[in-house]
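Heads up: the structure comes next, in structure tokens.
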Amino acid sequence: MNGYPRIDHIGQKARKGVFAALLVALLALIPLWVLAAPAKTSGAASPPAAQAGLAAPPPAPVQGAPQRVQPEMAFALLAAEAEKGQAEAMLNLGRFYEQGVGTARNYTKALEWYEKAAKAGQAAGFYNVGVCYEIGMGATADTAKAVQNIYKAAEMGMALAMHKLASMCILGRGVTKDIATGILWLEKAANTGMPAAANDLGGIYLSGLLGQKKDETKALSFFMKAADLGSLDAIRNIADMHKAGIGTKADPVAAYSWYTILRRGGYTGEDAVRMLGLLEGSLSTAQVQQAQKTAETWLENYARQQAGK
């Protein structure tokens, strides 16, 4: 990777449940920190482990060193803040109940706290309430309530809610089927910074789907937008289009650059390696160097963009 961040590839996998991989990444242990109390020293040696196979007790913490809060303590601290009316704490407490972090998993309680977070003005609270009612988690499934809450989150500017609402409109799931409105919500989600939405739009215009006029140039522009937002799928599409001359003139040097970005961005498919090998055989050394420099520049710009967020 040469020091570059892995391209995020946001939104390309189906969301499982209300919290998906976000909890795994961010809240396996809540990111709350406490300062360790000063270590009490004595001349006594540390006692051996009580049973064979158990690790010995950890060494006493260094004075002033940060120590991660255990899930049960994190839950208690979070619950205290939520009870005080702290909106973000309400939202995260719902997530803890949903995933069983520091407490027994309780979908009814999760929904209860998502609803409180929504009332406190959290767009993600409305979204999570909507998904709960969509799938029947913590309450009986209720499509009308699902749409109502997801729509509210979308109106508040949440790109994920916009994307889901677009899908509902396009498929007629919970609402009257309305492709035009669905595409408008996809565009709003893309403009709000959701790479999956921009990539979806690229695919729609590339193939003329959903009754839209086929427009390869427009498709490429949406793929470029999605790539700038971190979509590996879009980067792959751009590379293929430059190689084949779709939506732009065939340009093996540009295609080589985009396949290079794809690989360095974290794509592991061997097809990209194969394409790089085929293209390299048709390019001069100077062209390969030019393509690699272009890829380096793009990745550097992407890294700066991510660092500035």
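The values are calculated or read from the model by the stated rules, or taken from the named source; none is laboratory data. Since the structure is predicted, the reported quantities are computational estimates derived from the model, not experimental observations. Cβ atoms come from the backbone with ideal geometry, glycine included; neighbour counts cover every protein chain shown.
Name the single residue that is nearest to A239 (Cα to Cα) among those in the range 283-309 being surrounded by 17 or more Cβ atoms within 10 Å (Cβ to Cβ) and touching a Gly at 6+ places or on another chain (Cβ under 9 Å).
Top of the filtered list is L299.
Please count how many residues of the range 139-177 are touching a Leu at 6+ places or on another chain (Cβ under 9 Å) and charged (D, E, K, R).
1
Which condition breaks for K309 when tested against (1) under 28 Å from G193 (Cβ atoms); (2) in a helix (DSSP H, G or I); (3) among the charged types (D, E, K, R)?
With (1) under 28 Å from G193 (Cβ atoms); (2) in a helix (DSSP H, G or I); (3) among the charged types (D, E, K, R) applied to K309, the lone miss is (2).
Would you check if there is a residue in the range 197-204 being assigned to a helix (DSSP H, G or I), touching a His at 6+ places or on another chain (Cβ under 9 Å) and either in contact (Cβ under 8 Å) with a residue 40 or more places away in the chain or among the aliphatic types (A, V, I, L, M) (or both)? Break it down stepwise before answering.
First, pick out the residues of the range 197-204 that are assigned to a helix (DSSP H, G or I): 197-204.
After this cut, where a residue has to be touching a His at 6+ places or on another chain (Cβ under 9 Å) as well, the list is 197, 200.
Narrowing further to those that are either in contact (Cβ under 8 Å) with a residue 40 or more places away in the chain or among the aliphatic types (A, V, I, L, M) (or both): 197.
Yes, there is a match, as at least one residue in the range 197-204 is assigned to a helix (DSSP H, G or I), touching a His at 6+ places or on another chain (Cβ under 9 Å) and either in contact (Cβ under 8 Å) with a residue 40 or more places away in the chain or among the aliphatic types (A, V, I, L, M) (or both).
Taking the options E83, E112, E88, name whichever one is closer than 25 Å to T140 by Cα and modelled with pLDDT of 95 or more.
Working: E83 fails: closer than 25 Å to T140 by Cα; E88 fails: closer than 25 Å to T140 by Cα.
Going through E83, E112, E88 in turn, just one is closer than 25 Å to T140 by Cα and modelled with pLDDT of 95 or more: E112.
Quick grid of which residues meet (1) buried (at least 17 other Cβ atoms within 10 Å of the Cβ); (2) within 23 Å of the chain's Cα centre (by Cα); (3) under 15 Å from L220 (Cβ atoms); (4) free of Cβ contacts under 8 Å to residues at least 12 places away in the same chain:
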site	(1), (2), (3), (4)
A244	no, no, yes, yes
A255	yes, no, yes, no
V273	no, no, no, yes
G281	no, no, no, yes
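Every residue in the range 102-121 that is assigned to a loop (DSSP other than H, G, I, E, B) and surrounded by fewer than 19 Cβ atoms within 10 Å (Cβ to Cβ), please.
Start the filter on the range 102-121 by keeping residues that are assigned to a loop (DSSP other than H, G, I, E, B), which leaves 102-106, 120-121.
Once the filter is applied, which keeps residues that are assigned to a loop (DSSP other than H, G, I, E, B) and surrounded by fewer than 19 Cβ atoms within 10 Å (Cβ to Cβ), the range 102-121 yields T103, A104, R105, N106, A120, G121.
When the range 211-236 is examined, which residues are found to be touching a residue at least 60 places away in the same chain (Cβ under 8 Å), part of a helix (DSSP H, G or I) and not β-branched (V, I, T)?
D228, L232, D233
Just give me the residues in the range 80-98 being assigned to a helix (DSSP H, G or I) and surrounded by fewer than 19 Cβ atoms within 10 Å (Cβ to Cβ), in sequence order.
Passing the criteria: A80, E81, E83, A87, E88.
Under 6 Å by Cβ, and 6 or more places apart or on different chains, what pairs join a residue from the range 127-151 that is closer than 15 Å to T108 by Cβ with one that is exposed (fewer than 15 other Cβ atoms within 10 Å of the Cβ) and at pLDDT 95 or above?
G138/T108
Restricting the search to the range 206-223, which residues are crowded, with 18+ Cβ neighbours inside 10 Å and closer than 28 Å to K309 by Cβ?
A219, L220, F222, F223
For the range 184-196, how many residues meet the condition of being farther than 17 Å from M168 by Cα and either in contact with a strand residue (DSSP E or B) (Cβ under 7 Å, 6 or more places away or on another chain) or in a helix (DSSP H, G or I) (or both)?
Count: 2.
Which of the residues spanning the range 249-261 are under 13 Å from Q292 (Cβ atoms) and of a type outside the set (G, A, S)?
Matches in the range 249-261: V253, Y256, W258, Y259, T260, I261.
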